1. Report the per residue volume, in Å³, of the convex hull enclosing the C-alpha atoms of the chain.
2. Which loop-located trypsin sites (Lys or Arg not before Pro) does the stretch 67-142 contain, where loop means any DSSP state but H, G, I, E or B and the Cβ has at most 12 other Cβ atoms within 10 Å?
3. For the stretch 73-129 and the stretch 2-19, what is the centre-to-centre distance using only Cα atoms, to the nearest Å?
4. Using alpha carbons only, how many degrees (0 to 90, rounded to 10) separate the axis of helix 66-78 from the longest principal axis of the chain?
5. How many percent of DSSP beta bridges within the chain run antiparallel, rounded to 5?
6. Of Lys3/Lys48; Lys4/Lys121; Lys3/Lys67; Lys71/Lys147; Lys67/Lys147, which sit over 28 Å apart, Cα to Cα?
7. State whether the stretch 1-47 is rounded, prolate or oblate according to the following rule on the C-alpha gyration tensor (a ≥ b ≥ c being the square roots of its eigenvalues): a/c under 1.5 gives rounded; otherwise a/b larger than b/c gives prolate, and the remaining case gives oblate.
8. Taking the chain as the reference, fit the longest principal axis to its C-alpha atoms, fit the long axis of helix 17-33 to the helix C-alpha atoms, and give the angle between the two in degrees, 0 to 90, nearest 10.
Amino acid sequence: MGKKLRVGIFSFTGDEGCVITFVEILNYKIRDWADKVDFVHARVLRNKNDMADIDVSFVEGAIASDKDRRKLLEIRENSKKVVAIGTCAISGAPSNHRNFFDEATREEIRPILQQFQHLEKVQPLNAFVRVDAVVPGCPIIEPTFVKVMENYLKEFGVT
Ligand code: SF4
């Protein structure tokens with residue numbers, strides 16, 4: 001069997017609509033990708049979740065807490081390419097509503113933010129790491145996700 005693209009699917013703050021859309025895409029792409037893509041880390045697929053030597057990580061959601069930030073840095077360290085999928089990951093919106101709260105509301109939620117070590121502002125991925133490509137949309141535009149995956153299959157010499 002030839003080389004497979006080692007792919008991770010990760011989710012941070014959002015409603016997981018982009019990951020659900022990824023599963024929808026598998027409905028029609030799984031046969032095509034079965035001998036080309038190894039989903040080494042994908043909580044949604046309940047696999048072994050291996051973080052080692054990932055070729056491409058697709059990352060959904062905004063970064064809202066210190067825990068998110070540390071995990072994102074770990075993903076970047078272990079991935080040759082990082083792709084921000086969906087507007088939460090690309091710009092923070094719509095999961096960054098609290099960034100726009102008035103001062104009184106911010107004070108009201110401050111104890112919760114502190115308790116769960118949330119960041120002062122909800123941020124997109126590129127506030128902390130280099131992002132190599134994006135798949136826009138809320139949720140992601142399916143043909144764009146497929147195109148990005150297929151471009152990486154070529155770039156990594158799988159197809
Ligand atoms: S971009 Fe939209 S669909 Fe994707 S996680 Fe954020 S809110 Fe959900």
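1. Cα convex hull per residue, to the nearest whole number: 105 Å³.
2. Numbers: sites: Lys67, Arg69, Arg70, Lys71, Arg76, Lys80, Lys81, Arg98, Arg106, Lys121, Arg130; in loops: Arg130.
For trypsin sites (Lys or Arg not before Pro) across the stretch 67-142 that sit outside H, G, I, E and B with at most 12 neighbouring Cβ atoms in 10 Å, the list reads Arg130.
3. 18
4. The answer is roughly 20 degrees.
5. Bridges in the chain that DSSP calls antiparallel: roughly 15 percent.
6. Check vs 28 Å cut-off fails for Lys4/Lys121; Lys3/Lys67; Lys67/Lys147.
7. Oblate.
8. Relative to the chain, helix 17-33 is tipped by roughly 0 degrees.
Throughout, read-outs are computed from the coordinates displayed, never taken from laboratory work. Everything numeric here is computed off the predicted structure, so don't read it as measured data. Positions of Cβ are backbone-derived with ideal geometry, glycine not excepted, and every protein chain shown enters the neighbour counts.
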